[in-house]
């Protein structure tokens, strides 16, 4: 069985109304919790507007997370390359790799929010080409090539070389992919990983069945290879012990997130406001091909297996971090994923179940062990008398007081 890694993606999406300092602290607390629970990756995005997505420097945030964690890998999800000089991006990522003890993952994108690009005076039509151009330069810098110069219409390098290279022999790289083929094509061209963010929508989920082929075609054309183990699929969920509880905990936050942010702020084409919190749950998690799971661990296990079948396989499932539920319920949700979903998806419990069934099915074979113990007792007169006395006392005891022998 190919095991699936598990991670979390922090855009973040925080509703306006809470002290920003406490929001940052809570996001760091979650990184610490996920590290303790054994999650594999923690991703953090870059945004500069809208009021809901408030982390401007993922590298700075992840450096703080590195000081509070031990094993979880830390990914920029993502650095918007057209907003930065590539040399500065490369240097910050190398520093993060060293400060995290070799746990950094470099995720990049063209920039997700039109309002960010507008503020910086960048034509949206140029963003994807600039990401491609910057990514190629940054990877040359990571590789420690001899000094080189580079002239572009938006940045210049003269005799450039990093004075410090990544701690990892090869710093992992990934690009963001939405619904269009552009992200997958870029990953194939450079032979790197993918972070499928668009899978948090129903349309994005439907597109996953054909997405990987774009990466393979582009890789073949460029003479590179891509590996499904480096494909990360983002999925939204909130779990509780029952579906009713999960829906009760998440519905009001989901309603506000969708109506106030997705529809009211981003004004995403085709997105319509939910009529009520219950309507939001129905449209988000109860329809066929739903883009989220609001329910139990078993339902998330089934969803992940459905995605594996749909896509042909991927390396990591990434949970989208949101404030649908309050902090306490959210922490319990991630705890349920670690305790029940991860081991079920990866088959960690199969050996336990097989061992249990083997003992049940071969009970007769193990009776001889009990007979051997009894024979030794009976060889000693004092031990035999004590054993018989105990047996007599138990047989005289009323049935409702008899000790449980494990057979009901």
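Take each of the peptides 138-149, 231-242, 319-330, average the number of other beta-carbon atoms within 10 Å over its residues, and list them starting from the highest.
Descending mean neighbour count gives 231-242, 319-330, 138-149.
For a quick check: sort 382, 26 by the number of other beta carbons within 10 angstrom, fewest at the front.
By the 10 Å Cβ count, ascending, the order reads 382, 26.
Could you work out how far apart the two model spin labels at residue 326 and residue 379 are, taking each label as a point 7 Å from the Cα in the direction of the beta carbon, and quote it in nm?
Rounded to a tenth, the inter-label distance reads 6.5 nm.
Apply 1/(1 + (r/R0)^6) to the Cβ-Cβ distance of residue 227 and residue 290, taking R0 = 25 Å, and write down the FRET efficiency to the nearest 0.05.
Numbers: r = 29 Å, r/R0 = 1.14.
Computed FRET efficiency for residue 227 and residue 290 comes out at 0.30.
If you build a Gaussian network model of the chain, linking Cα atoms that sit under 10 Å apart, which residue out of 171, 208, 22 swings the most?
Taking springs between Cα atoms under 10 Å, the residue moving most is 22.
What value, in deg cm²/dmol to 500, does the helix sum -39500 (n - 2.57) over DSSP H runs of n ≥ 4 give at 222 nm once divided by the residues of the chain?
-14500 deg cm²/dmol
Using a Gaussian network model of the chain with C-alpha springs under 10 Å, which one of 155, 314, 274 is most mobile by mean-square fluctuation?
Maximum among the listed residues: 155.
By how many degrees, between 0 and 90 and to the nearest 10, does the Cα long axis of helix 243-256 differ from the longest principal axis of the chain?
20
Neighbour counts of other C-beta atoms within 10 Å: give me 120, 81, 310 arranged from fewest to most.
Taking fewest neighbouring Cβ atoms as first place, the list is 120, 310, 81.
Could you line up 44, 173 from fewest to most neighbouring Cβ atoms inside 10 Å?
Values: 44 26, 173 22.
If I rank by nearby Cβ atoms, fewest first, I get 173, 44.
Run the paramagnetic zone check for residue 349: 7 angstrom along Cα to Cβ, then residues of segment 232-248 with backbone nitrogen under 19 Å.
238-244, 246
Relative to the longest principal axis of the chain, what angle (0 to 90°, nearest 10) does the C-alpha long axis of helix 297-311 take?
Result, in degrees: 50.
What distance in nm lies between label points placed 7 Å from Cα along the C-beta direction at residue 357 and residue 169?
Label-label distance for residue 357 and residue 169, simple model: 4.1 nm.
Give me the percent of DSSP beta bridges within the chain that run antiparallel, rounded to the nearest 5.
10
Would you kindly state how much longer the chain becomes between residue 335 and residue 153 on full extension, computed as 0.36 nm times their sequence separation minus their alpha carbon distance, in nm to one decimal?
Answer, rounded to one decimal: 60.7 nm.
May I ask you to compute the full-extension gain from residue 393 to residue 123, defined as 0.36 nm times their residue separation minus their alpha-carbon distance, rounded to one decimal in nm?
Once the chain is fully extended between residue 393 and residue 123, it gains 88.3 nm.
Pull out the extension gain between residue 272 and residue 3, defined as 0.36 nm times the separation in residues minus the alpha carbon to alpha carbon distance; nm, one decimal. Before the final figure, lay out the partial values.
Values: separation 269, 0.36 × 269 = 96.84 nm, distance 3.75 nm.
Difference between extended and current length: 93.1 nm.
Specify whether the C-alpha gyration tensor of segment 40-162 places it in the rounded, prolate or oblate class, a ≥ b ≥ c being the square roots of the eigenvalues: rounded for a/c under 1.5, otherwise prolate if a/b is larger than b/c and oblate if not.
Working: a/c = 2.40, a/b = 1.11, b/c = 2.17.
Judged from the Cα gyration tensor, segment 40-162 comes out oblate (a/c at least 1.5, b/c at or above a/b).
What is the distance, in nm, between label points placed 7 Å from the Cα along the Cα-to-Cβ direction at residue 85 and at residue 302?
5.5
Of 225, 119, 262, which has the largest mean-square fluctuation in a 10 Å C-alpha GNM of the chain?
Most flexible of the set in this elastic network: 119.
Using Cα pairs closer than 8 Å and at least 6 residues apart in sequence, work out the relative contact order for the chain, in percent. Let's see the in-between values first.
Values: 654 pairs, mean separation 62.2, N = 408.
Normalised by residue count, the contact order of the chain is 15 percent.
A short reminder: the numbers here are calculations on the coordinates, not readings from a lab. The structure displayed is predicted, hence computed values, not measured ones. Because the Cβ atoms are built from the backbone with ideal geometry, glycine has one as well, and the counts that use them run over all protein chains shown.
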